[in-house]
């Protein structure tokens, strides 16, 4: 019997995943990851990880599998929390869920599992793994989950071939309603449990509250930039090379306070992110205000009215070589090569037609359609059909 260690999170997805593995004849061990125990920052009396570990334990009992808890909070603080603070300080918006999978579940956790004699590590993600042979080599594929509404391949976009080789995703062939129905039939305590929201470690906390623990509030101004601002009137430019054109399309506009009028104050530009609408507390505009850019150096937030504001839209983005990652290393592009793909810049976004252009310093991604709120620090992932082949941090 092959041994599988599954990350039991106390949610319905990992519970059903554990059951399916048992059905498939694996020796299954449940492990609950405790990622956070600094109560000074949870800012609420609820202790979500205690409830979750309790539910995970009840599921393990019900399925009759061994169960234990591992404390990864130290690694978590170093690799995820500190990184997040660092990114926000630079005015970028990190994605902790993608990092948590790369750094914790499929690295720290996986190493513990392998030390415990596991052949595989399993999670309750809605995605699938494929295996193909190419030139005599075994290649692992990261495929979208069957449930298009729940597909979570994006969150695993930073996994490597080595990590994928040891990973199992038992519920990837099921839809969420099927998973819930199965949990109900098995009478699992997690059957009706709501999906966890918010950061994958600090429970029910608003991000600004959490960031305020380390990034001190600092008053600054909110500027509203009108749609008619000259900076949006792009002059027909003749480009000598495709790279020049892509550089232009992906450029960051250098906003100045006199581009618009001051409409309010804020408590720190680093708490805000592009495309954000809530939390500005500025009234009296015809259409709602959206953040179109933040300047953490000068501590200014630039906003525009309405979700069609030109300041929100761009057609291309850039990923530097250091932050470029190929799940399918065999498909890596060389300089001057291009590749038509489908891509997304955030988890819930539908896949969009795009083209990859490899240049010396990194890679441009040009979309067929304008994209709203392309945000530095977030991940872009690209696919061929339903296979995620690579990803990178938007620079």
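Nothing in this text is a laboratory measurement; each read-out follows from the coordinates by a stated rule. Since the model is a prediction, treat every value here as computed from it, not as a measurement. Backbone-built Cβ (ideal geometry, glycine too); neighbour counts: all protein chains shown.
Observations, loosely collected:
- The chain, relative contact order in percent, only Cα pairs under 8 angstrom and at least six apart counted: 16
- Solvent-free Debye scattering, log10 I(q)/I(0), computed from the Cα coordinates of the stretch 3-211 at q = 0.08, 0.17 Å⁻¹: -0.27, -1.26
- C-alpha long axis of helix 48-63 to longest principal axis of the chain, angle in °: 30
- Helical mean residue ellipticity (222 nm; -39500 (n - 2.57) per DSSP H run of 4+; nearest 500) of the chain: -5500 deg cm²/dmol
- Between residue 262 and residue 241, the contour length at 0.36 nm per residue exceeds the alpha carbon distance by 3.7 nm.
- Placing dummy labels 7 Å off each Cα toward the beta-carbon, the span from residue 369 to residue 75 is 4.0 nm.
- If you wrap the chain in the convex hull of its Cα atoms and look at it from every side, the mean projected area works out to 21.2 nm².
- Label-to-label distance, residue 321 versus residue 336, with points set 7 angstrom from Cα along the beta-carbon direction: 1.7 nm.
- Pairwise FRET efficiency - residue 129 versus residue 299, Cβ, R0 = 51 Å, nearest 0.05: 0.65
- Computed from Cα atoms, the angle from the helix 12-23 axis to the main principal axis of the chain rounds to 40 degrees.
- The tail of the calculated P(r) for the stretch 325-395, taken as Cα-Cα distances beyond 14 Å, holds 57 percent of the pairs.
- Gyration tensor over alpha-carbon atoms, the stretch 265-308, equivalent ellipsoid semi-axes in Å: 18, 11, 8
- Normalising the average separation of contacting C-alpha pairs (under 8 angstrom, six or more residues apart) by the number of residues puts the relative contact order of the stretch 145-264 at 20 percent.
- Residue 192/residue 212 FRET efficiency (R0 35 Å; Cβ-Cβ; nearest 0.05): 0.55
- Theoretical gain in end-to-end length, residue 286 to residue 165 [0.36 nm per residue, Cα-Cα removed]: 38.2 nm
- Computed over the stretch 252-326, the alpha-carbon pair-distance distribution with 10 angstrom bins reads 17, 47, 25, 9, 1, each value a whole percent.
- Between 0 and 90 degrees, the angle of helix 176-185 with respect to the longest Cα principal axis of the chain falls at about 30 degrees.
- Taking all Cα pairs closer than 8 Å and separated by 6 or more residues, the relative contact order of the stretch 266-395 comes to 24 percent.
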